[in-house]
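Worksheet: one structure, shown below.
The values are calculated or read from the model by the stated rules, or taken from the named source; none is laboratory data. Quick caveat, the model's predicted, so the values are computed rather than measured. Heads up, the Cβs are rebuilt from the backbone with ideal geometry, glycines too, and the neighbour counts pull from every protein chain shown. Areas reflect the complete protein model, heavy atoms only, side chains present, ligands, DNA and RNA absent. Shrake-Rupley method; radii C 1.70, N 1.55, O 1.52, S 1.80 Å.
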Amino acid sequence: MEEALSLALAFLIVSLTISFFVVRNGSDVGSRLPPGGSGLPFVGETLDFFLNPEKFIRDRMKKHSPDIFRTTFFGEKIVVICGPNGHKFLWSNENKYFTSFYPEAMKKLFLSNQPKRVIREEDLKAIRSGPGVLKPESLIHNLAGMDSIIQQQLKIHLEGKSEVKIHPFSRAVTLTLACRFFMGTENPERIAKLIGHFDKITEGIQSLPVNFPGTAFYNACRAADVVRKELATVIKEKIDAAAAVGSPSQDMLSALISGGYMSDAEIADKVMGTLVAGYTTVATTMTFFMKSVGERPEVYHKLLTEQLEISKAKQPGEALSWEDMQKMKYSWAVVLWTVNTTQKNPEYFPEPNKFDPSRFLEGKAPPAYTFVPFGGGPRMCPGNEYARIVILAFVHNVVKKYKWAILDPREKILGSMMPVPEKGLPVRLYPR
């Protein structure tokens, strides 16, 4: 199911806006290739990339070109496009000069059950329309439910505690939300059982696809098997429940089942990819929001002012509305800060390493194609509004209820593509 897979891939690269493409074959393609290198036989420059993606891109932009260069990953010739000119060229020439490149680990983990049959035109129309869970009308309808789940999660994980680790907490919040709206379950035991497996899958996506005991990719494959087995059980439960009541429930999994154009194995693959995507990057964003704001009291106070103004206009216990989301301009500016290489160019972002939410406020928008955390054009992330709503609902609830202080400001950050605080980001909570 193309739409579900594109959501997974888009979520997973939501902050990685450098674009990778397989070069199309052509008789004179060699003479028209951009500058670059091929690295070692078969492996190419894959090892250098996975060891440190940011350094890999930065070094080659400096050595070859700040806009475009070529490389080789596992024998495939790849063109890497960087910067605003590259973004504009890409989105204006979809499938004309290049095709998308998905890392081998991602293809093996999420495309193992791709159909070998020819899909009918009516099936393609249904696939393109996709399940409604990501459409604005569905998000508006589900916003109160998201707000309620986040409040429940704050109560479960934070209430009555003076110190907590934010990264495990944010993972629990986002996986609970993803399971509810993509899989249609809120069973806490089932979600708790899955969380470790999703973490292993995420690590495997960023690893070399070597399926040997002890490697991250091997562990990811085993974890994916466990998740598929659990999803097969859920799929059977959904089919039985729909038969009993006469209609499917309103979640992505149920929509895929009722579509009738995929096998259960295909559905499990697509939902697994979507769950991993909707869980991992949103949890990371929440974690680093807490870190950045916890280190800057002046930002917290501006956030609190904005969120309290929204609360004053509401009745006690009234859920967040779509209109409330549109009022959270400063909050979204805070969340938009990113540490990705392509969005740290000092030509467009003065002092790019400085946490400065005001740079994203009205009247200070960066030039076109320079800041694209959700992609753009035909490559716009289909889950961008879902991510925005979930994160802003989280910000609203946590800021109103707590102030916090980072216990170890010098905590080491592990990983480059999906950074993780080494100790889980411990904080001290101060209830308001």
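Observations
- Residues of segment 31-60 that are of a type outside the set (D, E, K, R), touching a strand residue (DSSP E or B) at 6+ places or on another chain (Cβ under 7 Å) and either open to solvent by 30 Å² or more (accessible area, probe 1.4 Å) or not in a helix (DSSP H, G or I) (or both): 33, 34, 35, 36, 37, 38, 39, 44.
- Exactly one residue among 212, 182 is open to solvent by less than 10 Å² (accessible area, probe 1.4 Å), aromatic (Phe, Trp, Tyr) and modelled with pLDDT of 85 or more, and that residue is 182.
- Residue match in segment 197-208 (condition: more than 19 Å from residue 285 (Cα to Cα), touching a residue at least 24 places away in the same chain (Cβ under 8 Å), outside any helix (DSSP H, G or I) and not hydroxyl-bearing (Ser, Thr, Tyr)): yes
- Residues that are farther than 23 Å from residue 333 by Cα and of a type in the set (Gly, Ala, Ser) were ranked within segment 395-432; the one that is most open to solvent (accessible area, probe 1.4 Å) is 415.
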